[in-house]
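One structure below.
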Amino acid sequence: MRRLWYQAGGAPKVGNVTTTTRPSRPRPLARTAPAPALGSLGLFTVLLGAALPLVDFFIVNVALPSIGRDLGAGEALLELVVAGYGLAYAVLLVLGGRLGDLFGRRRLFLAGLVAFGVTSLLCGLAPSAGALVAARVAQGAAAALLLPQVLATLHSSTAGARRARAIGLYGATNGLAFVSGQILGGLLVAADVAGLGWRAAFLVNVPVVLLALPLVLRAVPETRAAAPAPLDVRGTVLLALALVSLLLPLTEGRAAGWPLWTWGALAAFPLLAAAFWRTERRTELRGGTPLVPPSLLRLLPLRRALALVLPLSGGFGGFLLVIAVALQQGLELGPIASGAALVPMALAFFAASLAGPRLVARWGTRVIPAGAVLQAAGLGMLAWTVLRSWPDVTPWTLAPGMAAAGLGQGLQLPVLFRVVLAHIPADRAGVGSGVLVTTQQSALALGVATLGSLFLSLAATAPLSTALATTLLIQLTLALLAGLYALRLPRAAEHTG
């Protein structure tokens, strides 16, 4: 989510936003050129584009049992269907943002939409599990082109209270999309539209993309960086290798029996991470623009936010995978019933995301640890319900815990993003948001790999209810630790306009 603001070089400046037009000579009394305006239709359009890749990250969870039966896929390949998308998405996010700076954000948004529609079609028509994995990797790369343009467009074409509202809606869209992916997936798989079964979960993206394309041309203004930075090819390659060396073996290791390559990849991770860091430091010291400037991590709010994003997003990603498997395979609920169990969480998350800006204005960052307590209470209620009532657990008995957990989660991640970006200097807000979102996506994939693998390993040797409750209690512990750490955030929440 690369976004740069420049004040030097004579570029006209509106608030924190600089347009790409430069005057031919100094004009001290000249009027400032207005920033491109994003209207209500344009805001709806970019948020629709943001929702597509986020929904798709989880929509496949509900469809995995059907995919396995239809394509004869084993456990390792099915995990790659989820992880391949997340890996490509996380690795290429920052690069996608920088390409938007170079070539125009609306142009990259359109290119990402088209690529996402085409790769969704390839996923829906995949003849084998291997072809589906390849299409999912390509789909994740398309999402990495699309999503970074959203926050950059919001920052460059809104200001003041309108920007704060737009970013609040973006946070609400994030939260709702994460959970609604599984709900929508359940409905589509159960409906078996035209006999398509699980394929409809991917093909549904195609008409949405076709609807969005003319709206982008009509309502989304073109913006770009005043002085876009060159691509950091070496840094991008090293970051990609480091993330793959960590996430791929963690995702595939348990299902594959931990072969030698998994341990080799994990051993290579610290070496690749160190090489990436050295390369970024060297590039920055030479006056270049690295993919992730090391000096950025000297900003205390961002550094603390990254430490919070890891357990919050990792726990969330693992939770959604684990609950989908437990409800469908453990309780043998259908796709619709298992998706309906998440409705209270989705509604509570959405409501908390919308209320976040008002709560932060009154209580500052203390909203985040309060959300952690609420989330932990919800997870505790879910664990208690599972241990007390299994196998007579229903969506109704899970509803109170789901609602409390969703409310708490919604008071953390969206609020955290808004608060931290408000404390980052304007000229670094773009790369700061890019690092945050890359960390978020990597943590989601890491949560799927670690909590998912832990749950499946426990379920192989213990009752499924015990495995589920243990996983929930581990996530509860992570939530409480994150809440304690959140007390170290700056108390005041600066205005994002």
Sort Glu280, Glu79, Glu222 by accessible area with a 1.4 Å probe, largest first.
Glu222, Glu79, Glu280
Just the number, please: Stokes-Einstein D of the stretch 35-131 in µm²/s, Kirkwood Rh from C-alpha pairs, 25 °C, 0.890 mPa s.
160 µm²/s
Just to confirm the number: angle between the C-alpha axis of helix 395-410 and the first principal axis of the chain, 0 to 90 degrees, nearest 10?
20 degrees
Work out Dmax and Rg for the stretch 291-431 from the C-alpha atoms and quote the Rg first, both in angstrom.
17.4, 55
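What area, in nm² and to one decimal, does the C-alpha convex hull of the stretch 87-236 cast on average over all directions? Kindly include the intermediate steps, with their values, before the conclusion.
Numbers: hull surface 40.9 nm².
In nm², the orientation-averaged hull projection of the stretch 87-236 is 10.2.
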Which of (1) -0.91, -1.25; (2) -0.59, -1.28; (3) -0.79, -1.11 is the computed log10 I(q)/I(0) by the Debye sum over Cα atoms at q = 0.09, 0.13 Å⁻¹ for the structure on display?
(2)
Give me the mean projected area, in nm² to one decimal, of the convex hull enclosing the Cα positions of the stretch 199-337.
13.7 nm²
What's the local net charge at Phe116, with K and R +1, D and E -1, over the other residues with C-beta under 14 Å away?
0
Please get the size of the charge dipole for the chain, origin at its Cα centre, with Cβ charges of +1 on Lys and Arg and -1 on Asp and Glu, quoted in debye to the nearest 20.
2380 debye
Packing-ranked peptide list from 185-193, 452-460, highest mean Cβ count within 10 angstrom first, is 185-193, 452-460
Give me the angle, in degrees from 0 to 90, between the Cα long axis of helix 160-191 and the longest principal axis of the Cα atoms of the chain, rounded to the nearest 10.
30 degrees
Restricting things to Cα coordinates, could you compute the convex hull volume per residue of the stretch 249-300 in Å³?
93 Å³
Share of Cα-Cα pairs in the stretch 108-153 beyond 18 Å, in percent?
30 percent
Using a simple charge model, +1 on the beta-carbon of Lys and Arg, -1 on the beta-carbon of Asp and Glu, nothing else, what dipole does the stretch 211-316 show about its Cα centre, in debye to the nearest 20?
300 debye
Of Ile67, Leu444, Leu320, which is farthest on the positive side of the dipole of the chain, counting Cα position, with +1 on Lys and Arg Cβ, -1 on Asp and Glu Cβ, and the Cα centre as origin?
Leu444
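The values are calculated or read from the model by the stated rules, or taken from the named source; none is laboratory data. Only a predicted model underlies this, so the values are computations on that prediction, with no experimental measurement involved. Backbone-built Cβ (ideal geometry, glycine too); neighbour counts: all protein chains shown. Areas reflect the complete protein model, heavy atoms only, side chains present, ligands, DNA and RNA absent. Shrake-Rupley method; radii C 1.70, N 1.55, O 1.52, S 1.80 Å.
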